[in-house]
Every structure is written in structure tokens, then in C-alpha cells.
Amino acid sequence: MRHILPKRLLISLGCLTGLVFSPAGRAVPLGDPIMVNTGTAGSQASSLFAAGFNGEKLLIWRDGAANATYAQRIKSSGIPFLTKAQIQIPPTYAALSVDRAGNFVLAGQTGISGVVMAYDRNGNLLSSFNPTADSLNATASMDTDGNITVVYMYPNVFNVPRKLAIRRFNTGGIPVSPEIIVASGPVDTLSGPSSIATDNAGNIALTWTGQSSSSAPAYSMMQRFSRAGVALAPAPAVSHTSTGAHLAGSIAMEPGGKSVIIWTNAFPNESGYTYIVYARAFDANGNPTGSGSARVNQHLIDFYSEPTAAIAENGDFVVSWVAPKGVTGGDSSSTLAARQFHNDGTPVTNELRVDPPQTQPASSPRLAMDPVGNFAVAWTSNSAETGSDAMVRTFKMDTRPPITQLLNKQPAQGLAGDTDSWSYFRLTVPPGVRRLNIDMTGPAGGGEGDMYVRFGQLPSLTAWDQRPYVNGSNESIGISNPPPGDVYIAIHGRSAYSSVGLAAGYYYR
């Protein structure tokens, strides 16, 4: 049930954290919203959404009419791949995680037991297992090496003290580390797990909700562990408490370890509650950035808004949620909003609208972003005429540098740059490629551009997968069996250069 807020409450709550006014929202859409369930009529729903490190996104969507669940890959351009894979019905309260190769894991709860389901890139079930025989709920994250870190609570017996634990498993469901107890306490003072993420090094970050007593305000806890399960720092309370209800937070982490945690506080009013979403960013060592938590939604909301977050390699992040009707260019229905932030939590933009105007409310937003800053929102679009559909729309962060898309074996010509300049290019490599060749050519005496190559992320002077590093602007790289997804090529001006050509081509044999 939605509540209408008294005007005086709107005024007072607007000053709770100091509303920040910033430039109008302008994240650039990479295209119109796309209906993922093309050719399937009605009763479709977006379920889970996540990004891999290679630029691809993975959408789990539900066909209610056929009682079937599908895994659909989305290219970094926002276009779905032609094929989809039917998978087993995920557990309830499920979370989704994807590794570098495209394997994925679903973790949640079936009945009163935590369950983990691991799949390969093509949607084939590798294993389905319980973290412990008496686990209650589960959340999981895939490492870059394909192993699965699972966080779970147990026992699944009511009114007894519970423990929150983490343990690593391989995709066959076999433990590859001992169990680590993260927290314990009475059932009414410990809840979760809320969210878990891992970085390239295998370090683990997780959040859960705690209370000092059953009558005390709730707050989000966050703790980091090495891949061996060793705590890297004590568990701090990352959210501020309030007189209202605290709704569990979630974490998003980029491959280098930077992260953002979001949560919702519900403030009571005369007719119900007002909901405000907050975010707090952390560096790769788990230290807070900025001056504290940032308020996300500028317009007050009188219902739980289903917030979701994603983060880029430089720590900039995006939050999306269901906004009230009539805001961000809205009409008579609820709308989906998003807002961009710098890595210190200061807003880049005001709220922007994600979905097009529609007469029925949108719901269940899910946000995913690759390390470079292409982000996509998946949601369920409801229509009185056609039922519901699974939709997705892709954007690019305003803080992302310009990137030129290369086509296979088609060179870009006439490239030039100043000393210490950077120019970025991207080629999307399909699965099954056996050879990738990248060639840069330049005239004698035309300066010196250095080529840097990195899979899934932008190269820099200190972060790259390949670089020839030879004199002049004639450089070549050959890579066998490249991973599928986006490969980024950068030309750095070691000195000013001109009349340079760049070509990248992939081969299946």
C-alpha cells in the first residue's frame, strides 16, 4: 500500500542529509529499450541481472506462461545474443554472479534450505548443492578462477542462535576451503546474508544486517576477507542508524576491489513511511571514500523502491530504483530512475529516467555494469494489453572517456594524438575465436604512439595485458585463444603522432 506524504514532512525530510543539486541527468543511452523475450507473448518477467568482467551481461528471465526460466546473454552494445538457454527454476531470494569466462552461479533458498546452482557458459547445470545440511539461505560470488564463494546462515531451526559463515567451493560443489564463521548471535539480532562480491585477487566483501538487540536500530555491516578466508579488517557498521526501519543493504564491487554499498532507511510519518536510499563508496582496501554516505533519491518515495547498484573500475557508480509517478519525466505510473556518482560519492547527475513513458508501472529493476562504465538496467514492463515483458536498456557513464568501436578486420585510419594523450578503441570478440591480431601502422618520422591492450577493461601505463613497446608507431600483437567479450586497445602518445592506422581482426582457425 502506498501512502501520501504530508507536505510538511516532505520539507523536513528534504533536509535530512542535505540534498545535493547537480547537473541534469544525461547518461547517454546506447539504444532504445529492448524486449528480451522477443516472440514470447505476455507473462514475462526480468528476474536477475549481472555483468561479467568481459563486457557481457547475463539476464535471467521468467516465462510464466510456459513455466520456464531462461538465461540470456546481452552484448556490451545492449543487443541480446541470438540464443538463450533454458535453465532450472532458480531458488527463491536468489542472487546471480558471473565469472570471466561466462560461467554463472545462482544462490538462494529452496524451502528452508540454502542452495547453490552452478552453470557453465552455455547454461548446462554443473552442480546443485547445499552449503551445509542445515543452512538457511545462501548468496554466492564467482572468482575469476571459476570457484564459488558462498555465504550462508545456519542452522535453519527457528528461535535458536545462528551463525553467518563463508566457504569456497568449486563448480562441482566440492569445498576447497574451510568454513569461516563471520558473525553469530540470536536469531532476532542477525539477518542476511545480504550480498557478497569478489575481486580479481579473490578477496571477498560481504554485507549483512545486524542489531545490538532486538529493540535497537538495525544497520548494515561489511567485512572483507582474503581468498583464504582471513579477515582483512574488523567489520564496521557502514550505514547510519535511524529511528525508522533499516532495510538490508547490498554491495557492488569492481575487479580491482573498489566497492559501493547501498541500503534504504524507512522514516515513519503520519500515514506510513518515507523511504530514502543511501550509498557509501569504499576504495580497494576497504576504506570509505568521501565524507560519508550519499543520499541517492532526490524525490521522496512512499514505498520500497527496490534499489540496485553497479560500479566501474575507477570507482564511479550508478544506482537505479523505482521512482514515484510524475518525476524524472514520469507520467501516471511509477518510473525507473537512475543516478550517477563519482567514486567519492558526490553525484555526477540528477535523477534520470530509464524506461520510456508507459501507462503501467515498471518494476524489479536490476543493474549491471562492466568495468569500463557501460551499464544496463533490466526490468519488468507491465502492460494491460500484452501482460509483462522482460526489458533491458544500456547506457554509458558520463565520466567514461570516448571509445571508438572497431569492426572486425576494418581499420581506423588517420589517427593522431599529442604527447601523453590517450585514445581508446574496442573490439568485441565472439566465442570460439582461435586467433586475434592487432596491428598499428604509422609513417616514418610520424611521431610515436604506443599500443596497450587489455581484456574487459581500459588499459593504462600500469594496467595492461599486452604491449609491444617498441620505437615508432608500427606495432603488432598476436593473441591465441582470446577470451570472448570486449578487448580494449589504447594508443598512448609517447610523443605526438599522426597518420596512424589501427586494425584488429579475429579468426576462427
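Out of the strands (runs of 3 or more DSSP E) lying entirely within the stretch 106-196, which hold 3 or more residues that are within 20 Å of PRO90 (Cα to Cα)?
Because the criterion is at least 3 residues that are within 20 Å of PRO90 (Cα to Cα), the strands (runs of 3 or more DSSP E) in the stretch 106-196 that meet it are 113-119, 125-129, 136-142, 148-154.
When the residues of the stretch 333-365 are filtered to those that are hydroxyl-bearing (Ser, Thr, Tyr) and surrounded by fewer than 21 Cβ atoms within 10 Å (Cβ to Cβ), which remaining residue is modelled with the highest pLDDT?
So the residue we want is THR346.
Are any residues in the stretch 382-422 assigned to a loop (DSSP other than H, G, I, E, B) and among the hydroxyl-bearing types (Ser, Thr, Tyr), and if so, which ones?
Hits for the stretch 382-422 are THR386, THR399, THR419, SER421.
Given the criteria modelled with pLDDT of 95 or more, surrounded by 21 or more Cβ atoms within 10 Å (Cβ to Cβ) and farther than 23 Å from PHE53 by Cβ, does ASP450 qualify?
Answer is yes for this residue.
Residues to consider are SER305, SER320; find the one that is modelled with pLDDT of 90 or more, more than 20 Å from MET221 (Cβ to Cβ) and hydroxyl-bearing (Ser, Thr, Tyr). Quick ask: steps written out before the conclusion?
Numbers: SER305 fails: modelled with pLDDT of 90 or more.
The conditions single out SER320.
Please tell me if VAL433 is more than 23 Å from the chain's Cα centre (by Cα), hydrophobic (A, V, I, L, M, F, W, C) and closer than 30 Å to LEU59 by Cβ.
The answer is yes for VAL433.
For (1) touching a Gly at 6+ places or on another chain (Cβ under 8 Å); (2) touching a residue at least 12 places away in the same chain (Cβ under 8 Å); (3) acidic (Asp, Glu); (4) surrounded by fewer than 24 Cβ atoms within 10 Å (Cβ to Cβ), each residue gets a yes or a no:
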residue	(1), (2), (3), (4)
HIS246	no, yes, no, yes
ALA252	no, yes, no, no
GLY256	no, yes, no, yes
ALA284	yes, yes, no, yes
ALA309	no, yes, no, no
GLU313	yes, yes, yes, yes
VAL318	no, yes, no, no
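Among the numbered criteria (1) surrounded by 15 or more Cβ atoms within 10 Å (Cβ to Cβ); (2) out of contact with any Leu (no Cβ under 6 Å at 6 or more places or on another chain); (3) aromatic (Phe, Trp, Tyr), which single criterion is violated by TYR508?
The one condition TYR508 does not meet is (1).
Just the residues that are closer than 20 Å to ASN54 by Cβ, part of a loop (DSSP other than H, G, I, E, B) and either small (Gly, Ala, Ser) or without any contact (Cβ under 8 Å) to a residue 12 or more places away in the chain (or both), please, taken from the stretch 453-486.
GLY456, SER460, ALA463
With the structure loaded, tell me whether ASN130 is under 29 Å from LYS57 (Cβ atoms), buried (at least 20 other Cβ atoms within 10 Å of the Cβ) and in contact with a strand residue (DSSP E or B) (Cβ under 7 Å, 6 or more places away or on another chain) or whether it fails that test.
No; evaluated as a whole, the condition is false for this residue.
Tell me, which residue of the stretch 454-509 that is closer than 24 Å to PRO443 by Cβ and of a type in the set (Lys, Arg) is farthest from the chain's Cα centre (by Cα)?
Filtering first and then ranking leaves ARG494.
Just for the stretch 68-104: of the residues that are of a type in the set (Phe, Trp, Tyr) and buried (at least 19 other Cβ atoms within 10 Å of the Cβ), which one is nearest to LEU136 (Cα to Cα)?
Looking at the filtered set, the residue picked out is PHE104.
The values are calculated or read from the model by the stated rules, or taken from the named source; none is laboratory data. In this text the structure is predicted, and so the values were computed from the model without any measurement. Positions of Cβ are backbone-derived with ideal geometry, glycine not excepted, and every protein chain shown enters the neighbour counts.
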